[in-house]
2 protein chains.
Amino acid sequence: MSLHDDMLKMGDAAVSAARALARLTSEQKNAILEAMARELDAGRDGIKAANATDMEAGAAAGLSAAMLDRLRLDDKRIDGMIAGIRTVVDLDDPVGERLSTLTRPNGLEIRKVRVPIGVVAIIYESRPNVTADSAVLCLKTGNAVILRTGKEALRSSTAIADTMMAGGRKAGLPEHALQIVGTIDRDAIRELVQMEGRVDVAIPRGGEGLIRAVTEQARIPVIKHYKGVCHAFVDASADIDMALAIVEDAKCQRPGVCNAIEKVLVHERIAAEFLPKMAAVLSARGVQLRGDARAVSLVPTMAAATDADWHEEYLDLILTVKVVADVDAAVAHINHFGSHHSDCIVTRDAAAAQVFEQDVDSSTVYVNASTRFTDGGEFGMGAEIGISTDKLHARGPMGLVELTTYKYVIHGTGQIRG
Amino acid sequence: MSLHDDMLKMGDAAVSAARALARLTSEQKNAILEAMARELDAGRDGIKAANATDMEAGAAAGLSAAMLDRLRLDDKRIDGMIAGIRTVVDLDDPVGERLSTLTRPNGLEIRKVRVPIGVVAIIYESRPNVTADSAVLCLKTGNAVILRTGKEALRSSTAIADTMMAGGRKAGLPEHALQIVGTIDRDAIRELVQMEGRVDVAIPRGGEGLIRAVTEQARIPVIKHYKGVCHAFVDASADIDMALAIVEDAKCQRPGVCNAIEKVLVHERIAAEFLPKMAAVLSARGVQLRGDARAVSLVPTMAAATDADWHEEYLDLILTVKVVADVDAAVAHINHFGSHHSDCIVTRDAAAAQVFEQDVDSSTVYVNASTRFTDGGEFGMGAEIGISTDKLHARGPMGLVELTTYKYVIHGTGQIRG
């Protein structure tokens, strides 16, 4: 059987499974997830053995230390997956929620009801724990899920998925509700994202290259989680101490994540006072600073920024700084160079805050707080499948609700139009 | 300048316009729309002249009578466009609505606020009135719009768009908030739907061929409005008179629209009683009936259905009939052969209704009412840009709300994560 036929078969099986999943109660779905958590606990030795084989092959293939670290599964990470599943069990199930009810003059009752999306494809890279984290969110919301893992993690991810399926089956998981693509053939991704009518949405989780490849090939909707080129704008009226604390936190608290800031824009009226203080704080934290000509003139130890710096997501202790004329210039810079993820203004001027929050075209805009709060947990979602940089369907942190859609259910007593 | 550069320039201009539009109040937007309506009224002779040229060229090119009818603009249709604009003026503006407010334990206030999507591309065919109908919905919701009309309607659509822009400018329409692609080059569609970062969503309005072409080329989200292969299922417990009335209405009241039914499924226990009565009613309305073997055995005047019939959207007085074993068989048939648009059950059995409304995977599912109510107006939306057969972002009738997205605006007092 060809890859194409294999994938179609997988898609058909997922569609059938989605219908069965949609009928399950929240209690049934939770029992399935709990059974999966137990099976992961019981089956951790098999998972670690599969991971050891992936790690050996990865080391032999010359994967970087960072890649190998992402690939590694130890008891702590397995415990994390299990705890993550139990967190999701405890969350409210959004499926079945009545979003609105409208009774029309003709007596028709129009209910808008939250339902599962159907079949979700998750395409990820070398972190095997994404297997569990993303599958449980899909299953909790009654979606069938097809997983496509990075080739270096195939054995580990397959072991996790198989273990989850084995556990789930004991509690009534519909057959094929959770499937993992078993080949490392890259064409499988194309097949997956061209299965209109079988796969309802693809969510790539990984680097920009993966997301672009998926988007270019897809004929189904893709929810993109692009990079975070996040900014802090320090307005002329900023409380300097607050600005220093926010910039330090947003840059240094966890520099490798998408909601860390990569750029600071400073109002020209406060730059001479703020920038040397900021440089002192950040240098002490090991941050390498780059700046435009005006910033460098105020902090001569800064390197000169290049054009590429304004677009770049460092995910590292590097920060590029620009002096701007006013809030409008800051907004224009952020909208042009940013990634529409998370941006903040530090200000005591309500008018400047208003301009910033209105005009910055990002999923999350902060006034006087660190960008590091853009996170499903911090937003009270309990768990997230990612942070969408798209505007359609889901924007910003994507939790359970964002893995659902709705349908209209209309009850009548024989109403006709004509 | 190349087509590619032309289109990028158009995209950049739209992005700038979108920022300006997002700042307008509802009153300002309404004033712009009203000015457009007045200008269309004043400029109707120019529009009719442009349309006459399109009609002559169309007739010379051998367009069908139906195509020419869609292309034709007379005073009545221009009045319709103007009235449509004023209907939209009277609708509530969803932009700015606070969707939720959450105060976190750390004091952060997280507001989820409805905002425009940004730049919307509408790709349509030969109905020039779509120009006005779709543009005003986009502009009312603060979106910049790029229109791409069918080549046979280019002069008419351009005249309408130019007239609207001229009117809008008098009331403060931001420059380039409404643009129309001026070339009939088909590559312009590809360019338009590959402008990631400039165009936020494409909405093709037209036949299946157009929608497929757009979807295959797109790198931006597409909201699809595919065909309506809608079903009525007459359950064993149906009130026969109600079923007859619903089937007659859903098939005959306006057979050329997407929410008309194309198929009737009948429970085997009621088929012998129902089908001859239905055949009598529908034959009197000029409906041509086709059926599976069991249906034909009950109504020998029916033609035998072919495999192709089950998928087909006739948009005509043709109906194909199948006898099914039960509600589950009806659901399976609808989910497999239907287009996930609108389907109804006629029943007096609450359990069958429950199975049907739960398991039929369509945007709108009816119990004891005609499918013809799937319509923005009938759903109380006031106006619609189409009926989405997608599940992501918008499902079913798409009105103003569905032309918006949201952003999170977070107010703090210096909160940091670490």
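If you take the accessible area of A alone, add that of B alone, and subtract the area of the pair, what total do you get in Å², probe 1.4 Å, to the nearest 100?
Result for this pair: about 6200 Å² buried.
Any chance you could look up the accessible area of A:GLU248 with a 1.4 Å probe, heavy atoms only, rounded to 10 Å²?
50 Å²
Run the simple label-point estimate for B:SER297 and B:ARG86 please: 7 Å along Cα→C-beta, distance reported in nm.
Using points 7 Å along Cα→Cβ, the separation is 6.0 nm.
Between the helical axis of A:3-22 and the dominant principal axis of chain A, each derived from Cα atoms, what acute angle in degrees is found, rounded to the nearest 10?
80 degrees
Once the piece of chain linking B:ALA52 and B:ALA65 is laid out straight, how much longer is it, given 0.36 nm per residue of separation minus the C-alpha distance between them? The partial results should precede the final answer.
On the way: separation 13, 0.36 × 13 = 4.68 nm, distance 1.50 nm.
Extra length from B:ALA52 to B:ALA65 when fully extended: 3.2 nm.
Over all residues in A:374-387, what is the mean tally of Cβ atoms on other chains that come within 10 Å of each residue's Cβ? If you can, show how the numbers build up before the last one.
Values: counts 3, 1, 0, 0, 7, 7, 5, 0, 0, 0, 0, 0, 0, 0.
Taking the mean over all residues of the peptide, I get 2.
Taking all protein chains in place and a 1.4 Å probe, what share, in percent, of the accessible surface of chain B do carbon and sulfur account for?
Using a 1.4 Å probe with all protein chains present, chain B comes out at 49 percent carbon and sulfur.
Which of B:GLY107, B:GLY80, B:CYS138 sits farthest toward the positive end of the charge dipole of segment B:49-157, with +1 on the Cβ of Lys and Arg and -1 on the Cβ of Asp and Glu?
Among B:GLY107, B:GLY80, B:CYS138, the one farthest towards the positive end of the dipole of segment B:49-157 is B:GLY107.
On the full set of protein chains, 1.4 Å probe, figure out the accessible area of A:GLU56 and give it in Å² to the nearest 10.
So the heavy atoms of A:GLU56 present about 130 Å² to solvent.
Return one whole number: the accessible area per residue of the protein assembly as shown in Å², for a 1.4 Å probe.
36 Å²
At 7 Å along Cα-to-Cβ for each site, give me the label-to-label distance between B:GLN288 and B:LEU210 in nm.
That separation, rounded to one decimal, is 2.6 nm.
Exposed loop trypsin sites (Lys or Arg not before Pro) only (DSSP loop, at most 14 other Cβ atoms within 10 Å): please give the longest stretch of chain B free of them, not including the sites.
Working: sites that count: B:ARG23, B:ARG186, B:ARG285, B:ARG348.
In short, B:24-185.
I'd like the accessible area for A:HIS333, computed on protein heavy atoms only with a 1.4 Å probe and all protein chains in place. Round to 10 Å², please.
10 Å²
Using only alpha carbon pairs under 8 Å that are at least six residues apart, calculate the relative contact order of segment A:111-227 and give it in whole percent.
Normalised by residue count, the contact order of segment A:111-227 is 28 percent.
Search the structure for amide H atoms under 5 Å from the amide H of B:HIS341, placed 1.01 Å from N in the peptide plane, and list their residues when 5 or more places away or on another chain.
B:VAL229, B:SER363
Mind jotting down the distance between the C-alpha centroids of segment A:1-71 and segment A:302-317, whole Å?
37 Å
Return one number: the angle in degrees, 0 to 90 and rounded to the nearest 10, between the long axis of the Cα atoms of helix A:268-284 and the longest principal axis of the Cα atoms of chain A.
70 degrees
If each DSSP helix of 4+ residues adds -39,500 (n - 2.57) and the sum is divided by the residues in chain B, what number results at 222 nm, nearest 500 deg cm²/dmol? Walk me through the numbers before you get to the answer.
Numbers: 14 runs with 180 residues, N = 418.
My calculation for chain B gives -13500 deg cm²/dmol from helical runs alone.
Please give the helix B:327-337 orientation as an angle from the longest Cα principal axis of chain B, in degrees from 0 to 90, rounded to the nearest 10.
Between the helix axis and the principal axis of chain B, the angle is about 50 degrees.
At a 1.4 Å probe radius, which order do B:CYS252, B:CYS258 fall into by accessible area, largest first?
Per-residue accessible area, sorted high to low, gives B:CYS258, B:CYS252.
Would you tell me the mean number of C-beta atoms belonging to other protein chains that fall within 10 Å of each C-beta in B:215-228, as a whole number? Display every interim value, and only then the final one.
Details: counts 5, 4, 1, 4, 6, 4, 9, 4, 3, 2, 0, 1, 0, 0.
Mean inter-chain Cβ contacts per residue within 10 Å come to 3.
So which of B:LYS29/B:LYS76; B:LYS112/B:LYS140; A:LYS112/A:LYS391; A:LYS29/A:LYS170; B:LYS322/B:LYS391 end up more than 18 Å apart, counting from Cα to Cα?
B:LYS29/B:LYS76; B:LYS112/B:LYS140; A:LYS112/A:LYS391; B:LYS322/B:LYS391, as the Cα separations exceed 18 Å there.
Please say if chain B is rounded, prolate or oblate, where rounded means a/c under 1.5 for a ≥ b ≥ c the square roots of the C-alpha gyration tensor eigenvalues, and otherwise the choice is prolate for a/b larger than b/c and oblate otherwise?
Oblate, because a/c is 1.5 or more while a/b does not exceed b/c.
Put A:ILE211, B:ILE184 in order of accessible area, largest first, 1.4 Å probe: what do you get?
B:ILE184, A:ILE211
Heavy atoms only, 1.4 Å probe, whole protein assembly: order B:SER237, B:SER100 by accessible area, highest first. Walk me through the intermediate numbers first.
Details: B:SER237 30, B:SER100 55 Å².
Sorted descending by solvent-accessible area, the residues read B:SER100, B:SER237.
Roughly what would the spin-label model give for A:ALA304 and A:LEU102, points 7 Å off Cα along C-beta, in nm?
Result: 6.0 nm between the two label points.
Take the alpha carbon atoms of segment A:148-227, find their center, do the same for segment B:392-418, and report the distance between the two centers in whole angstrom.
After rounding, the separation between the Cα centres reads 27 Å.
Could you tell me the calculated FRET efficiency between B:GLN354 and B:GLU313, based on Cβ-Cβ distance and R0 = 25 angstrom, to the nearest 0.05? Numbers along the way, then the final one.
Working: r = 28 Å, r/R0 = 1.13.
With a Förster radius of 25 Å, E is 0.35.
Can you give the direction-averaged projected area of the convex hull of the alpha-carbon atoms in segment A:98-198, in nm²?
Over every viewing direction, the Cα hull of segment A:98-198 projects on average to 8.4 nm².
Starting from segment A:155-226, pick out the GluC sites (Glu not before Pro) whose DSSP state is loop and whose Cβ has at most 13 other Cβ atoms within 10 Å.
Values: sites: A:GLU175, A:GLU191, A:GLU196, A:GLU208, A:GLU216; in loops: A:GLU175, A:GLU196.
Counting only loop positions with at most 13 other Cβ atoms within 10 Å, the GluC sites (Glu not before Pro) in segment A:155-226 are A:GLU175.
The values are calculated or read from the model by the stated rules, or taken from the named source; none is laboratory data. Just so it is clear, the model here is predicted, and its values are computed rather than measured. Don't worry about glycine lacking a Cβ; one is built from the backbone with ideal geometry, like all the others, and counts go over all protein chains shown. Each accessible area value is taken on the protein alone, full model and side chains, heavy atoms only, with ligands, DNA and RNA left out. Shrake-Rupley method; radii C 1.70, N 1.55, O 1.52, S 1.80 Å.
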